[in-house]
There are 2 protein chains.
Amino acid sequence: MPHRRTAFFISDRTGITAEMLGHSLLTQFEGIEFKRVTLPFIDSPEKAAQVAERIRQTAEQDQIRPLVFSTIVNEAIRHLIHIDCALTLDFFEVFISPLEAELAMESSHTVGRSHGIQNFQEYNQRIEAVNYAMSHDDGMKPDLAEADIILVGVSRSGKTPTCLYLALQYGIKAANYPLTPEDFGKPTLPKLLHPYKHKLFGLTISPERLQQIRSERKPDSRYAALDTCRFEIQEAEALMRNAGVTYLNTTSKSIEELASTILHKANLARRIY
Amino acid sequence: MPHRRTAFFISDRTGITAEMLGHSLLTQFEGIEFKRVTLPFIDSPEKAAQVAERIRQTAEQDQIRPLVFSTIVNEAIRHLIHIDCALTLDFFEVFISPLEAELAMESSHTVGRSHGIQNFQEYNQRIEAVNYAMSHDDGMKPDLAEADIILVGVSRSGKTPTCLYLALQYGIKAANYPLTPEDFGKPTLPKLLHPYKHKLFGLTISPERLQQIRSERKPDSRYAALDTCRFEIQEAEALMRNAGVTYLNTTSKSIEELASTILHKANLARRIY
């Protein structure tokens with residue numbers, strides 16, 4: 001019988017930190033099937049008592065202790081969900097005390113600091129970045145002066161999701177510009193991009209993976225054919241190399257890995273929300 | 001003199017978990033100015049030694065111990081950055097042992113499990129969700145049959161960033177459809193939406209905040225005038241109430257809070273990447 005466990009992600013706010021915390025740890029244990037349950041907005045003793053009861057019932061049904069990843073700020077509420085029939089890993093409980101000692105002050109114990117709106121100006125900047133990515137997707141608007149970074153690459157090399165992630169997660173104004181058959185065989189990148197060479201960052205991909213992605217959109221098309229993919233990638237890489245544009249292979253990289261690598265290599269500041 | 005500290009977020013991969021971990025803790029300490037430095041991809045003893053040296057130098061320059069939030073999986077590398085002149089809060093060190101004991105197995109100690117591509121099919125689903133949100137933004141495509149959820153509300157009430165976040169973070173296919181002056185004064189929501197009533201979720205906002213957001217886009221316009229905003233919001237809310245559509249006020253909610261609340265209230269499964 002495969003080893004199965006229920007994993008609860010419990011938070012007084014969105015649950016996003018609890019999920020990320022638990023997810024990074026659980027991915028280290030292969031061969032176990034985890035049933036994941038997120039319980040956000042547990043911000044009263046009544047809700048906490050209900051959660052404790054649910055954990056208790058799960059332990060009984062599963063006949064094995066559930067795992068509980070908790071990011072509840074309020075101590076009184078937090079303790080209500082600590083019950084013996086589960087393994088509870090509590091993020092604030094573990095880390096807040098050493099920080100309070102180091103910083104020689106008490107923490108504010110205020111719920112909803114992280115992932116809330118603390119500052120409308122910062123928040124507007126983030127929304128502006130999202131709007132920018134939307135309106136400067138796929139070369140739609142040729143005015144790239146305001147961009148923090150401009151991703152270039154063949155169609156379906158991963159430019160759009162990466163730009164959106166850079167905007168949402170880091171407030172970066174990321175435009176993207178496709179390299180298309182019109183651009184190939186020429187000695188330089190499209191003229192429009194010349195003034196912004198220092199902002200360019202390239203994405204490339206393996207022909208096989210590109211074929212697979214394009215085939216899902218346009219099956220059996222010239223666009224998705226392996227030789228088309230191979231030709232376009234080869235030409236796009238040549239253009240980028242000639243222009244001295246750094247490029248990354250996206251084939252086996254997630255959006256997070258792409259975004260983080262680009263920020264790192266392009267030396268862009270990470271705003272953290 | 002204000003209390004200042006350098007906070008390092010150090011990871012063998014993207015640094016996103018370390019940043020989120022550190023950020024949620026640091027927001028609990030008000031009045032301290034934190035200089036945040038993310039150091040991703042610290043995956044060799046050589047890089048770890050460089051990081052340790054950088055922490056040492058920072059401690060000397062700041063004349064106070066830096067804070068280090070680390071999510072390094074490999075123990076040997078992890079220990080190289082643990083130095084006495086900093087407070088190091090180490091995520092894997094603290095949580096992996098109790099999990100190993102509970103699950104009665106050793107963790108795989110594999111770098112890059114979280115935020116990597118583990119499964120192309122899951123990953124394709126996520127990218128498909130992003131493409132879906134892009135192509136079904138602002139009522140662009142009227143075919144809404146595939147949507148997991150459809151956000152409705154007046155222009156600039158927060159629909160687009162919320163849809164993109166739902167897609168990127170949770171792989172949810174989220175469309176959005178604007179309620180515009182053409183729709184007001186009628187007894188029901190636009191006809192196009194009738195078949196999908198069970199998928200509708202409303203966003204509303206305060207007139208003052210809407211005026212501020214619209215004014216940044218189109219200053220001194222009729223569109224941004226306070227009485228226009230007030231009228232549109234009142235009419236949109238009446239339409240949503242009449243149709244029995246749940247709606248949320250976005251005025252002081254972050255994208256994360258909106259997304260998490262919507263998933264929770266609409267009872268949608270959270271896929272975790």
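Within the stretch B:97-115, does at least one residue satisfy the condition of being within 7 Å of another protein chain (Cβ to nearest Cβ), in contact with a Ser or Thr (Cβ under 7 Å, 6 or more places away or on another chain) and among the small types (Gly, Ala, Ser)?
Scanning the stretch B:97-115, I find at least one residue that is within 7 Å of another protein chain (Cβ to nearest Cβ), in contact with a Ser or Thr (Cβ under 7 Å, 6 or more places away or on another chain) and among the small types (Gly, Ala, Ser), so the answer is yes.
Can you pull out every residue in the stretch B:3-30 that is surrounded by fewer than 17 Cβ atoms within 10 Å (Cβ to Cβ) and either facing chain A (nearest Cβ under 8 Å) or more than 16 Å from A:Glu102 (Cα to Cα) (or both)?
The initial filter retains those residues of the stretch B:3-30 that are surrounded by fewer than 17 Cβ atoms within 10 Å (Cβ to Cβ), namely B:3-4, B:30.
Scanning the stretch B:3-30 gives B:His3, B:Glu30.
I'd like to check something: does the stretch A:69-87 contain any residue that is within 11 Å of chain B (Cβ to nearest Cβ), among the β-branched types (Val, Ile, Thr) and touching a residue at least 24 places away in the same chain (Cβ under 8 Å)? First the steps, then the outcome.
First, pick out the residues of the stretch A:69-87 that are within 11 Å of chain B (Cβ to nearest Cβ): A:69, A:71, A:73, A:86-87.
Keeping just the survivors that are among the β-branched types (Val, Ile, Thr) gives A:71, A:73.
Keeping just the survivors that are touching a residue at least 24 places away in the same chain (Cβ under 8 Å) gives A:71, A:73.
Yes: one or more hits.
Among the residues of the stretch B:259-273, which ones are surrounded by fewer than 22 Cβ atoms within 10 Å (Cβ to Cβ), closer than 27 Å to A:Asn119 by Cα and more than 9 Å from chain A (Cβ to nearest Cβ)?
B:Lys265
Tally up the residues in the stretch A:120-152 that are more than 14 Å from chain B (Cβ to nearest Cβ) and touching a strand residue (DSSP E or B) at 6+ places or on another chain (Cβ under 6 Å), please.
The number of residues fulfilling the criteria is 7.
Among the residues in the stretch A:77-91, are any in a strand (DSSP E or B), surrounded by fewer than 19 Cβ atoms within 10 Å (Cβ to Cβ) and on the phi < 0 side of the Ramachandran plot? It would help to see each step written out before you state the result.
First, the residues of the stretch A:77-91 that are in a strand (DSSP E or B): A:87-90.
After this cut, where a residue has to be surrounded by fewer than 19 Cβ atoms within 10 Å (Cβ to Cβ) as well, the list is A:87.
Those left that are additionally on the phi < 0 side of the Ramachandran plot: A:87.
The answer is yes; a qualifying residue exists.
Sort through B:Asp148, B:Asp137 and tell me the only one that's surrounded by fewer than 21 Cβ atoms within 10 Å (Cβ to Cβ), of a type in the set (D, E, K, R), in contact (Cβ under 8 Å) with a residue 60 or more places away in the chain and not assigned by TED's automatic domain parsing to the domain that holds B:Ala7. Lay out the reasoning, then the answer.
Numbers: B:Asp137 fails: in contact (Cβ under 8 Å) with a residue 60 or more places away in the chain.
It is B:Asp148.
Of the residues in the stretch B:207-242, how many are in contact with a strand residue (DSSP E or B) (Cβ under 7 Å, 6 or more places away or on another chain) and either surrounded by fewer than 18 Cβ atoms within 10 Å (Cβ to Cβ) or in contact (Cβ under 8 Å) with a residue 40 or more places away in the chain (or both)? Spell out how you get there, then give the answer.
Step one: filter the stretch B:207-242 for residues in contact with a strand residue (DSSP E or B) (Cβ under 7 Å, 6 or more places away or on another chain), giving B:233, B:236-237, B:240.
If we keep only those that are either surrounded by fewer than 18 Cβ atoms within 10 Å (Cβ to Cβ) or in contact (Cβ under 8 Å) with a residue 40 or more places away in the chain (or both) as well, we get B:233, B:236, B:240.
Qualifying residue count, the stretch B:207-242: 3.
Answer yes if at least one residue in the stretch A:130-143 is closer than 25 Å to B:Thr14 by Cα, within 25 Å of the chain's Cα centre (by Cα) and in a strand (DSSP E or B), and no otherwise. Give the steps one after another, and end with the answer.
If we filter the stretch A:130-143 for residues that are closer than 25 Å to B:Thr14 by Cα, which is where we start, we get A:130-134, A:137.
Still in the running and within 25 Å of the chain's Cα centre (by Cα): A:130-134, A:137.
Among the residues that remain, those that are also in a strand (DSSP E or B) are: none.
Scanning the stretch A:130-143 turns up no residue that is closer than 25 Å to B:Thr14 by Cα, within 25 Å of the chain's Cα centre (by Cα) and in a strand (DSSP E or B).
Do we find that B:Asn176 is of a type in the set (S, T, N, Q) and surrounded by fewer than 21 Cβ atoms within 10 Å (Cβ to Cβ) in this structure? Before the answer, list the steps.
On the way: of a type in the set (S, T, N, Q): yes; surrounded by fewer than 21 Cβ atoms within 10 Å (Cβ to Cβ): no.
No.
Here are A:Ser221, A:Ser260: which of them is among the small types (Gly, Ala, Ser) and part of a helix (DSSP H, G or I)? Quick ask: steps written out before the conclusion?
Numbers: A:Ser221 fails: part of a helix (DSSP H, G or I).
The unique qualifying residue is A:Ser260.
Would you check if there is a residue in the stretch A:86-102 being closer than 28 Å to A:Leu193 by Cα and of a type outside the set (Asp, Glu)? Walk me through it before giving the result.
Kept after step one, since they are closer than 28 Å to A:Leu193 by Cα, are these residues of the stretch A:86-102: none.
No, the stretch A:86-102 contains no residue that is closer than 28 Å to A:Leu193 by Cα and of a type outside the set (Asp, Glu).
Quick check on the stretch B:31-40: of everything there that is modelled with pLDDT of 90 or more and of a type outside the set (Lys, Arg), which residue is surrounded by the fewest Cβ atoms within 10 Å (Cβ to Cβ)? Don't jump to the end; show me each part of the working.
Narrowing the stretch B:31-40 to residues modelled with pLDDT of 90 or more: B:32-40.
Imposing the further condition that a residue be of a type outside the set (Lys, Arg) reduces the set to B:32-34, B:37-40.
Values: B:Ile32: 14, B:Glu33: 8, B:Phe34: 19, B:Val37: 16, B:Thr38: 22, B:Leu39: 21, B:Pro40: 22.
That would be B:Glu33.
Which members of the stretch A:36-53 meet the condition of being within 30 Å of the chain's Cα centre (by Cα) and either hydrophobic (A, V, I, L, M, F, W, C) or assigned to a helix (DSSP H, G or I) (or both)?
Within the stretch A:36-53, A:Val37, A:Leu39, A:Phe41, A:Ile42, A:Lys47, A:Ala48, A:Val51 qualify.
Just for the stretch A:225-257: of the residues that are assigned to a loop (DSSP other than H, G, I, E, B) and within 13 Å of another protein chain (Cβ to nearest Cβ), which one is nearest to B:Ala18 (Cα to Cα)? Write out each step before concluding.
Filtering the stretch A:225-257 for residues assigned to a loop (DSSP other than H, G, I, E, B) gives A:225, A:244-246, A:250-254.
Those left that are additionally within 13 Å of another protein chain (Cβ to nearest Cβ): A:250-254.
Details: A:Thr250: 23, A:Thr251: 25, A:Ser252: 22, A:Lys253: 19, A:Ser254: 17 Å.
Among them, the one singled out is A:Ser254.
Looking only at the stretch B:53-84, which residues are of a type in the set (Gly, Ala, Ser) and over 25 Å from B:Ser24 (Cβ atoms)? Show your work before the answer.
Let us first name the residues in the stretch B:53-84 that are of a type in the set (Gly, Ala, Ser), namely B:59, B:70, B:76.
Once the filter is applied, which keeps residues that are of a type in the set (Gly, Ala, Ser) and over 25 Å from B:Ser24 (Cβ atoms), the stretch B:53-84 yields only B:Ala76.
Give me a count of the residues in the stretch B:33-53 that are within 8 Å of chain A (Cβ to nearest Cβ) and over 19 Å from B:Cys85 (Cα atoms). Working first, answer last.
Within the stretch B:33-53, the subset within 8 Å of chain A (Cβ to nearest Cβ) is B:36, B:38, B:40-41.
Filter once more, keeping what is over 19 Å from B:Cys85 (Cα atoms): B:40-41.
The total comes to 2.
The values are calculated or read from the model by the stated rules, or taken from the named source; none is laboratory data. Given the structure is predicted, the values throughout are model-derived calculations rather than measurements. So basically every Cβ, Gly included, is an ideal-geometry build from the backbone, and we count neighbours across all protein chains shown.
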